[in-house]
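A short write-up of the structure that comes next.
The values are calculated or read from the model by the stated rules, or taken from the named source; none is laboratory data. No experiment lies behind these values; they were computed from the predicted model shown. Cβ placement follows ideal geometry from the backbone for every residue including glycine, while neighbour counts extend to all protein chains displayed. Keep in mind that these areas ignore ligands, DNA and RNA; they rest on the heavy atoms of the full protein, side chains included. Shrake-Rupley method; radii C 1.70, N 1.55, O 1.52, S 1.80 Å.
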Protein chains: 2
Amino acid sequence: MSEITGQTRLYAIMGEPVAQVRAPMVFNRLFAEAGLDARMVAFQVGPADLAAALDGFHRLANLDGLIVTVPHKIAILPLLAELAPMAARSGAVNLIKRRAEGGWIGEMVDGLGFAEGLRTAGHDVADQHVLLVGAGGAGAAIAFALAEHRCGEITVFDVDPARAEALVARLRTDGRPARVAASSDPAGFPIAINATPLGMRPDDPLPFDVTRVDPEALVAEVIMKPRETRLLTLARAQGNPVVLGERMLDYQAPFVLDFFAIPRP
Amino acid sequence: MSEITGQTRLYAIMGEPVAQVRAPMVFNRLFAEAGLDARMVAFQVGPADLAAALDGFHRLANLDGLIVTVPHKIAILPLLAELAPMAARSGAVNLIKRRAEGGWIGEMVDGLGFAEGLRTAGHDVADQHVLLVGAGGAGAAIAFALAEHRCGEITVFDVDPARAEALVARLRTDGRPARVAASSDPAGFPIAINATPLGMRPDDPLPFDVTRVDPEALVAEVIMKPRETRLLTLARAQGNPVVLGERMLDYQAPFVLDFFAIPRP
């Protein structure tokens, strides 16, 4: 890898904490493979500092884009001048870049990475009915990305029924078949997805009753830490195919490069 | 060198333009030698953006210090909460770091690097009278640093007599022998220093009449681009020892590390 000079273009992943982020390693390897004089670093910014930090970063003429991570993915929305299509639909953002006319534009590619992770693991979602548990920013991004991949009806459950209803309404407005579920029961679905934070802590309840998952049904997950949640361990043990949450990140790199207008290696 | 991770501590050199800066190469090599998980990058920030950029960078919890370069060395002063001793005396700043109690503290080590550059080139300034042409931020930093090295009387010339008088007054207040010169004539001085911008452009006039420099007298320079100015080329041709402007940067690294509280390798 070439050394960092005054001409090196900068990218950053912004969040708090940042010690655990993998994006600098992933993208610096891609930049090196593509022969680009660019580096991604981590920017540790807490919630109270987000607005002023963003205003400052906008003045940084050699910073070409930011990956936005926890806890800023939704809080950042009112600070942006424009939302790209997947961000507008999802109500959440994980990428921002400067606009020529001022301000930031945000996009959300977590869902696209998630869908690509399923596809490359050999799971074709076309016409498959999906149970989506969790209708927050991650759930919404996944719903719209799976709809792009022409999945079947999306059934949404959230402990907050209003949130499930709101996502279903947005999906329908977008012409996507969707309905609200009265419970998180996964029986009868060929694909069941956890898009809640349940499973980050060892004593969390399961997001849905894994013993009720159909034989052969796919169980997928957004949680990256632990790498394999209890939900996935149990599903795997009873013979179901599973997809780890980390694949959402592993497979979103091409969409990140596209948004930042970096040629794919 | 270890790869950049979410735990890597950040440093930056801030200015505009930044394409030409050498600090990232110099300091990233020092960080690697010291086994530190740290990186220096360039932050391109223009004059109109300085205040907002600084406010933003203050929120960046893993950014541990900034080198400040052209055009911000004097403009940054009103944006700082505190000046360390050499910055307060020089009226200019080339390093800043966050204070625990809020705001930034600035320091100026260009002069210390300059003096160290003379010393390591074998020129002992102790008791040597100095002609200093140029009483701006660089000139002031050099004057106070040479005074620390116990040079003899400092004679200051500036095209703006008020600026020369102000620097001489500050030197005297600090107990340093100094006087204002009526002309830039270098005759009679064992050391003659250009601390003006004259020499950056090929058609600039000389800062002082090099043919009037004493035989054996040292001619030194703050300009780094071109690497050897016409002043130095002419002085060298007539047999005078010379010291290049770039030594000011080459020899300030230890002072930068000290200010940022980084162990010297």
Identify all lysines with a Cα-Cα distance to residue A:225 below 28 Å; exclude those on the same chain that are fewer than 8 residues away in sequence.
-> A:73, A:97
With the other protein chains left in place, how much accessible area per residue, in square angstrom, belongs to the protein assembly as shown at a 1.4 angstrom probe?
-> 41 Å²
Select from segment B:38-139 those GluC sites (Glu not before Pro) which occupy a DSSP coil region and have at most 13 other Cβ atoms within 10 Å, ordered by residue number.
-> B:101
Inter-part gap, Cα centre of segment B:1-74 to Cα centre of segment A:208-265, in whole angstrom, is 37 Å
Which of A:49, A:185, A:250 moves most in a GNM of chain A, Cα contacts under 10 Å?
-> A:49
Residue-count net charge about residue B:224 - beta-carbon cut-off 15 Å; Lys, Arg +1, Asp, Glu -1 = +1
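Restricting everything to alpha-carbon atoms, can you work out Rg to Rh for chain A with a Kirkwood hydrodynamic radius?
0.98
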Counting only protein heavy atoms and using a 1.4 Å probe, what share of the accessible area of the protein assembly as shown belongs to carbon plus sulfur, as a whole percent?
-> 54 percent
Say a label goes 7 Å from Cα toward Cβ at residue B:82 in every copy; what distances in nm does this one have to the rest, shortest first?
-> 4.4
B plus A alone minus the pair: what accessible area, both sides summed, probe 1.4 Å, in Å² to 100?
-> 2500 Å²
With an 8 Å cut-off on Cα pairs and a minimum separation of 6 or more residues, tell me the relative contact order of chain B in percent.
-> 15 percent
Alpha carbons only, please: Rg and Dmax for the protein assembly as shown, in angstrom.
-> 30.1, 98
Set Lys and Arg Cβ to +1 and Asp and Glu Cβ to -1, take the dipole of segment B:9-108 about its Cα centre, and tell me which of B:60, B:92, B:45 lies farthest positive.
-> B:92
Fraction of antiparallel bridges per DSSP, the protein assembly as shown only, in percent to nearest 5 = 20 percent
Zero-based 5 Å bins, Cα pair distances in segment A:35-179, whole percents | 2, 9, 18, 19, 17, 14, 10, 8, 3, 0
Would you mind listing the distances between the residue A:51 label point and the same position in each other copy? Use 7 Å along Cα-to-C-beta, nm, one decimal, shortest first.
-> 1.7
With one decimal in nm and the nearest listed first, the spacings from residue A:33 to its own position in the other copies, using label points 7 Å along Cα-to-Cβ, are 3.5
For segment B:42-72, list whatever residues lose no less than 30 Å² of accessible surface once every protein chain is in place, relative to that chain by itself, with the probe at 1.4 Å.
-> B:42, B:43, B:44, B:49, B:52, B:56, B:57, B:59, B:60, B:61, B:62
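Kindly point out which whole DSSP H helices in chain A project their C-alpha atoms 24 angstrom or further along the helix axis while averaging a Kyte-Doolittle hydropathy of 1.6 or above.
Flagged H segments: there are none.
How large is the charge dipole for segment A:114-247, taken about the Cα centre, if only the Cβ atoms of Lys, Arg (+1) and Asp, Glu (-1) carry charge, to the nearest 20 debye?
For segment A:114-247, the charge dipole is close to 200 debye.
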Å³ per residue enclosed by the Cα convex hull of segment A:114-247 = 90 Å³
Averaged over all directions, how much area does the convex hull of the C-alpha atoms of segment B:9-108 cover when projected, in nm²?
-> 6.2 nm²
Treat every Asp and Glu Cβ in the protein assembly as shown as -1 and every Lys and Arg Cβ as +1, leave all other atoms uncharged, and give the resulting dipole magnitude about the Cα centre to the nearest 20 debye.
-> 0 debye
Charge dipole magnitude, Cβ of K and R +1, D and E -1 - chain A, Cα centre, debye nearest 20 = 300 debye
Taking the DSSP beta bridges in segment A:114-247 as the whole, what percent of them are antiparallel, to the nearest 5?
-> 5 percent
